[in-house]
Amino acid sequence: MSTAPVYGLILAGGLSSRMHSDKAALQYRGQSQLDRAFDMAGRQVAKVFVSVRANQTHDSARAHKPLIVDSVDGDGPIVGIRSALAAFPHAAWLVLACDLPFLSDAVLEHLLAERNPAALATAYRSAHDGLPEPLCGVWEPAAGPALAAYQAGGGHCPRKFLIRHAAILLDPLDKRALDNVNTPEEYADALVALENAYHTDPMQLNIRYYALMREQAGRSEEIVETTAATPADLYTELHARYGFTLAREQLKVAVNSEFSDWSRKLAAGDAVVFIPPVAGG
């Protein structure tokens, strides 16, 4: 039996009642929560959609993205998950809440690598209570009928569903990765925490370029002084400087001669290589 493809679903249909403003539109480092989650999922899977209520389809924060409109009765994230499974019944879904400002590429890479298609879902355990975190998980096609039966029986909580159906649960890589933001106070705290995490003094890094990137940079290596905290930040900076035509998704990155994920913390003196696709035989 072939493994179902995985699509991405960003849950952005909540009422944001405790925030008193649309959580999807909250800004972190110049990017909305929704855009950040959408881009992050897009680095992992081929198609990404945003889950919305029917009255949100023309909302400025959502309307320009591929949408899956709630198509089943009920309230809460279970409706968004069921609607996605109904829209593409042969796909599995990487489901993400839009309000996870500490989520990283590394966390999603690990989740997908550990996915078990034979289970109804694969998710992380909460770092706080050990219970399933259903809004950062992979939901398999077989979860569709099971969720429908669960909701018909009066259930509405995806977490309780995963407990009842013995989902595959992974230990969290990062204790803060799945912390969400529900109030203005939590948003303010998250902004401070993220700024502290990314702030660093200027440092020198050794950069090497190959193939097309060497042509576009006009050099094969250089030492750059930067405040970039991660390879992802560094590539964004160099992309703007040299006009690189390769998207980050087309590259691999190595730090100190070892393949690395894009969210690795850089240190002064690191040797960074961005590796373009290999052409020819």
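Just so you know, all these numbers are worked out from the coordinates, no wet-lab data involved. Owing to the predicted nature of the structure, the values given are computational and were not obtained by experimental measurement. Neighbour counts run over all protein chains shown; Cβ positions are idealised from the backbone, glycine included.
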Practice problem: Quick one: which residues, 5+ away or cross-chain, put their amide H under 5 Å from the amide H of Tyr28? H built at 1.01 Å from N. | Solution: Gln33
Quiz prompt | Mean Cα-pair separation over length for segment 112-167, i.e. relative contact order, pairs under 8 Å, 6 or more apart, % | solution = 35 percent
Exercise. Report, ordered by chain and residue number, the lysines lying within cross-link reach of Lys252, taken as a straight Cα distance under 24 Å and ignoring same-chain residues fewer than 8 apart.
Key: Lys47, Lys265
Quiz item: What does the charge count near Leu11 come to, summing +1 for each Lys or Arg and -1 for each Asp or Glu among other residues with Cβ under 15 Å from its Cβ?
Solution: 0
Exercise. Report ³J(HN,Hα) in whole Hz for each residue of segment 8-16, in order, from the Karplus equation J = 6.51 cos²θ - 1.76 cosθ + 1.60 where θ = phi - 60°; Gly and Pro get x.
Key: x, 10, 9, 7, 9, x, x, 7, 6
Practice problem: Just grab the label-to-label distance for Gln204 and Arg241, each label 7 Å out from Cα along the Cβ direction, in nm (one decimal). | Solution: 1.4 nm
Quiz item: Excluding same-chain residues fewer than 8 positions from Lys23, which lysines have a Cα within less than 17 Å of its Cα?
Solution: Lys65
Exercise. Could you state the angle between the C-alpha long axis of helix 231-242 and the longest principal axis of the C-alpha atoms of the chain, as a value from 0 to 90 degrees rounded to the nearest 10?
Key: 60 degrees
Quiz prompt | Value of Rg to Rh for segment 6-193 (Rh from inverse mean 1/r over Cα pairs, i.e. Kirkwood) | solution = 0.93
Quiz item: Expressed as an acute angle from 0 to 90° and rounded to the nearest 10, what is the orientation of the C-alpha long axis of helix 184-198 relative to the principal long axis of the chain?
Solution: 30 degrees
Self-check item: Signed unit charges on C-beta, dipole axis of the chain, positive-most listed residue Ala25, Ala188, Ile223
Solution: Ala25
Self-check item: Nearest-ten-degree value, helix 143-152 long axis tilted from longest Cα axis of the chain
Solution: 40 degrees
